[in-house]
Amino acid sequence: MIPIWGKKFWIYCILVAFFFLLVTLQVFLELGRFEKQKKARALLQDVQKHTESRPIGYTEKHNPHEVFDHGMNKYPIMLWWSPLTGESGRLGQCERGTCFFTINRTYYENPMTKAFLFYGTDFNIDNLPLPRKSYHEWALFHEESPKNNYKLFHPPAITLFNHTATFSQHSHLPLTSQYLENLQSLKSYQFMVPIQNKNMLRRRLAPLVYVQSDCDPPSDRDTYVGELMKFIAVDSYGDCLHNRDLPDQVNNPSSMDDAQFYRILAQYKFILAFENAVCDDYITEKLWRPLKLGVVPVYYGAPNVMDWLPSNKSAIVVNRFFSPRELAEHIKQMDTNDTLYMEYLEWKLQDRISNTKLVSAIRDRKWGVQDITQENYIDAFECMVCNKVWDNMHLKDKGLPAKQWKAESSHLNCPGPELFPFMPRHTSRSSMRDMWKPSFQQSRKEAKALRILVERNKNFTNQEFWNLVFKSGSE
């Protein structure tokens with residue numbers, strides 16, 4: 001019994017020692033983080049002495065100026081008018097200086113409130129921060145397509161803002177590459193299936209795959225794909241034009257980035273990569289995903305997509321073909337000619353991205369995607385505005401005039417929906433583009449009405465807004 005007890009005792013001692021080793025390691029890690037973020041932590045502690053965290057939607061009972069007593073009023077306030085971040089109060093250290101970020105609207109009257117931040121999808125005409133003082137900057141963050149808020153895509157509306165972060169390369173903070181983590185992910189062979197295997201899989205798979213569950217968007221992609229299906233086989237796994245089921249374990253929206261889902265798509269030769277809107281620079285995971293998987297994308301969306309492809313021969317661009325029938329014939333030719341097909345994967349196999357614009361955009365962007373070592377694009381947007389505000393504060397301290405920033409129409413601009421060229425102009429067949437057209441036309445009137453009312457610089461009601469919209473429509 002004694003030897004057994006002794007053995008248990010030593011096992012117990014080893015376990016205890018291991019536990020304390022883990023605790024000690026955790027302490028060292030926390031100390032490292034503390035030293036790395038010492039200044040930020042000190043600033044946060046400064047705030048916490050004067051305010052406490054509130055849940056979203058909570059109305060502050062105290063005087064909002066209190067947290068800026070005792071020297072705190074030296075920090076300019078960035079007020080998220082759209083409560084995107086959900087933060088009731090946070091000091092953020094940026095390149096030029098520190099700013100206080102909050103969703104608490106009671107700071108509207110504070111003289112240190114210098115900028116109002118808006119999220120485009122949630123931009124609402126109700127209760128805008130009016131009157132707008134001369135030193136109030138308006139900043140727009142909008143990475144989505146026009147279907148989320150059409151009126152912002154017209155010059156009278158977008159030029160109301162001083163700073164922008166949109167998918168447009170012309171924006172102050174371009175988010176064009178928001179769905180691409182890095183260039184290495186494009187070069188990866190992780191899911192790539194050899195051409196010999198793909199040819200064998202063609203016995204049970206169509207050459208093309210389509211996965212969409214957001215049906216009938218402004219791009220009217222389902223009309224095009226439906227026509228394409230008349231001339232070539234397409235496996236459609238999503239709700240739109242559905243004709244094939246995914247395995248149960250990946251048959252849900254949350255599995256779109258699942259490895260098993262990727263392996264299913266990687267078996268195909270071509271992926272229909274159709275965006276929900278046709279706008280320059282609006283490029284989503286629909287393009288990047290097939291490029292990562294080693295599948296040739298058949299792309300419809302951004303007219304300037306060639307500016308962003310890894311090489312001149314890495315995707316089939318739908319707009320280069322007059323009709324779905326012509327596109328189908330080209331895909332059939334590639335499907336039966338391995339040499340022709342492999343030309344579209346040569347850039348990947350040779351580990352060569354020849355597009356210097358794409359390389360520069362990823363290298364020079366000030367934010368990261370799924371990268372904990374970098375800021376995300378919301379943090380980068382906040383700091384961009386904070387830095388601009390501090391620049392003007394420094395100019396004021398020197399007795400110099402403030403610099404004026406203004407968004408341009410190119411920062412968020414998309415053409416109206418039009419019928420596909422292959423569709424007859426006079427047809428009884430309905431197209432979703434015909435349904436989106438009135439929405440686009442009305443959004444122009446909404447943008448014009450919004451501009452008129454904001455320039456009056458006082459709050460307005462919904463009724464005033466819509467009266468003006470319909471008045472302009474009748475003129």
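Readers should treat all values here as calculations from the given coordinates under stated rules, not as data from a laboratory. Everything quoted here is computed from the prediction, not taken from an experiment. Positions of Cβ are backbone-derived with ideal geometry, glycine not excepted, and every protein chain shown enters the neighbour counts.
Sparse packing (at most 14 other Cβ atoms within 10 Å of the Cβ) combined with a DSSP loop state is found for the following chymotrypsin sites (Phe, Trp or Tyr not before Pro) in segment 131-197: Tyr189. The relative contact order of segment 183-363, computed from alpha carbon pairs under 8 Å that lie at least 6 residues apart in sequence, is 24 percent.
Subtracting the Cα-Cα distance of Ser255 and Ser134 from their residue separation scaled by 0.36 nm leaves 38.8 nm. With 0.36 nm allotted per residue and the present C-alpha distance subtracted, the Arg320-Asn337 stretch has 4.1 nm of extension available. Residues Arg221, Arg96, ranked from the fewest to the most other C-beta atoms within 10 Å, line up as Arg96, Arg221.
Taking each of Lys151/Lys357; Lys286/Lys437; Lys133/Lys366; Lys403/Lys445; Lys147/Lys471 in turn, the alpha-carbon distance tops 27 angstrom for Lys151/Lys357; Lys133/Lys366; Lys403/Lys445.
The trypsin sites (Lys or Arg not before Pro) of segment 325-365 include none that meets both criteria, a DSSP state outside H, G, I, E and B (loop) and at most 10 other C-beta atoms within 10 angstrom of the site's C-beta. Taking amide H as placed 1.01 Å from N in the peptide plane, the amide H of Phe167 sits under 5 Å from that of Leu175, each at least 5 places away or on another chain. Cβ crowding within 10 Å ranks Ile331, Ile372, Ile158, Ile125 as Ile372, Ile125, Ile331, Ile158, fewest other Cβ atoms first. Computed extension gain for Arg202 through Asn457, at 0.36 nm per residue and net of the alpha carbon distance, reaches 85.5 nm.
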